[in-house]
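Structure record follows, encoded as structure tokens.
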């Protein structure tokens, strides 16, 4: 034991990453688990709908606020839950919101416990008597003497209770032993991972794990349980039997319209055509159209993993895909976001790696197969123009990144560079022009008017552009309804909801992880950004600083565009809209990786990956695999 501790102490000196991780994780553990109160509840709900059990807390001079709120997502399959709220020393009263719909609730147990305080235990009817009914809720008589039986009469039923927590200090021996064991385990993991950090050998293997999880999700969920998969699939199925886009008012396009009155067939996204053409292969194996469409996304994800095995230089660009389970989730159902992200990640490798086909084409004096390379690379770059519009900010970044590289003097033969860039631009533009011509052929020169007409025709009543304010969905046109930008960002919690949905929200944004999970991801993510910033500073390079500023500018433009869309069109704080930032960070990491302090970035990415596995399995698969769809 002594020798083991001596080796661990030696690794502490050799590897400052262990010191930083230890301090960070210990601080998080104390802040999130020791100096906050744990709430344990046991309840049954009727009818059995998924909902949220929320607790708000406040000091004696405070009003209840969303900033001081924690929750557990309650489902019919479970009865026991736990989550954490603030420190009991700062809480004078709590508000309990049991469910968010009209129904009945039996709260069998509510325990609140925290180190250095006497536990608060509510189980019998007498224990629950201090709870005061506020609104939209009433008690139900029951023959049982245990638990609290309630009936909600609206979506905002809640109760309130005053707390008088009593100090009960005790020496935290078990907690200290647990922390010590955790630090020893962390030191062992850090030591064992060292060989895997060489050339980022762990990246391909972790991508395989992510692929298997995405495959399990795809195999164990049916249709109509993922965001808009029905209309995505309809667009893919159209191209399974057609080569060219349809007229938007044709019968073939009718099934592709969403409740917003929008059809993916009106988009210029190349994903739907490629996935549709791919359908011919699964059909030969008698696979369903849903299975074939999902197989295309899984194939794209698998290709990223395979390429990271055979090409070491690709791994830094794939590393950011490991930090969030939401990226893998994109490859488990039919949608265009996964393809767009994969193409952007691969393009970041092409743009930055000196050994990539693109950089060899731009720098070699006499590249072999010049014509074929120009056509292939030009078509691939042209495909970036046929992605979702949020990826246009990644295209902007690539343009600025090229200027940045030219300013570094990486292309001494400027005439050759610009000649070949013009050739690639012509090919890329022709790809976009071909899609534009297809649209003109199908819908005429005024396709925008046809699209607007179809939107009015196919949108449901609450989403029709011409609907009056009272009829229209309240999450549409917030600016025109008089809602301020401050309301969007603060009261509607745009940033918080975007963050959560970027790191693990499943289904139709109705399966959330715990607040503690998102807090852990948030703080580890901030530490990761700090580690990247520290590497930029340690590089002592103005060029790297300018690259960071370029990424900040393009990311800020993307975030601003997403906020603007939520404010002026439809309130949709979707974290996946911000995923073009990931390949930008991949390029930054590629340039500063040699200046990272003791592999700190890599360790933090692995830790976020472990959290992502937890989210995908215990929030995603646990809730989604039981949903077979209609």
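Structure summary
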| item | result |
| --- | --- |
| Residue list for region 451-472, filter: modelled with pLDDT of 85 or more, under 18 Å from residue 565 (Cβ atoms) and surrounded by fewer than 16 Cβ atoms within 10 Å (Cβ to Cβ) | 452 |
| Condition met for residue 210 (modelled with pLDDT of 90 or more, part of a helix (DSSP H, G or I) and in contact with a strand residue (DSSP E or B) (Cβ under 8 Å, 6 or more places away or on another chain)) | no |
| Failed criterion for residue 78 (all others in (1) touching a residue at least 12 places away in the same chain (Cβ under 8 Å); (2) surrounded by fewer than 19 Cβ atoms within 10 Å (Cβ to Cβ); (3) closer than 26 Å to residue 510 by Cα hold) | (1) |
| Condition met for residue 526 (in contact with a helix residue (DSSP H, G or I) (Cβ under 7 Å, 6 or more places away or on another chain) and farther than 23 Å from residue 226 by Cα) | no |
| Single condition residue 586 does not satisfy, out of (1) under 23 Å from residue 21 (Cα atoms); (2) not in a helix (DSSP H, G or I) | (2) |
| Any chance residue 317 is at pLDDT 95 or above and closer than 18 Å to residue 377 by Cα | no |
| Helices (runs of 4 or more DSSP H) enclosed by region 354-417 - at least 2 residues per element that are free of Cβ contacts under 8 Å to residues at least 12 places away in the same chain and closer than 22 Å to residue 554 by Cβ | 392-407 |
| Some residue of region 46-62 being outside any strand (DSSP E or B), at pLDDT 85 or above and touching a helix residue (DSSP H, G or I) at 6+ places or on another chain (Cβ under 9 Å) | yes |
| Test: residue in region 110-117 that is outside any strand (DSSP E or B) and in contact with a helix residue (DSSP H, G or I) (Cβ under 8 Å, 6 or more places away or on another chain) | yes |
| Among (1) surrounded by fewer than 18 Cβ atoms within 10 Å (Cβ to Cβ); (2) in contact (Cβ under 8 Å) with a residue 40 or more places away in the chain; (3) assigned to a loop (DSSP other than H, G, I, E, B), the one test that residue 243 misses | (2) |
| In region 560-592, residue farthest from residue 473 (Cα to Cα) [restricted to those that are free of Cβ contacts under 8 Å to residues at least 60 places away in the same chain and over 14 Å from the mean Cα position of the chain (by Cα)] | 588 |
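The values are calculated or read from the model by the stated rules, or taken from the named source; none is laboratory data. Small disclaimer: the values here were computed from a predicted structure and weren't measured. Neighbour counts run over all protein chains shown; Cβ positions are idealised from the backbone, glycine included.
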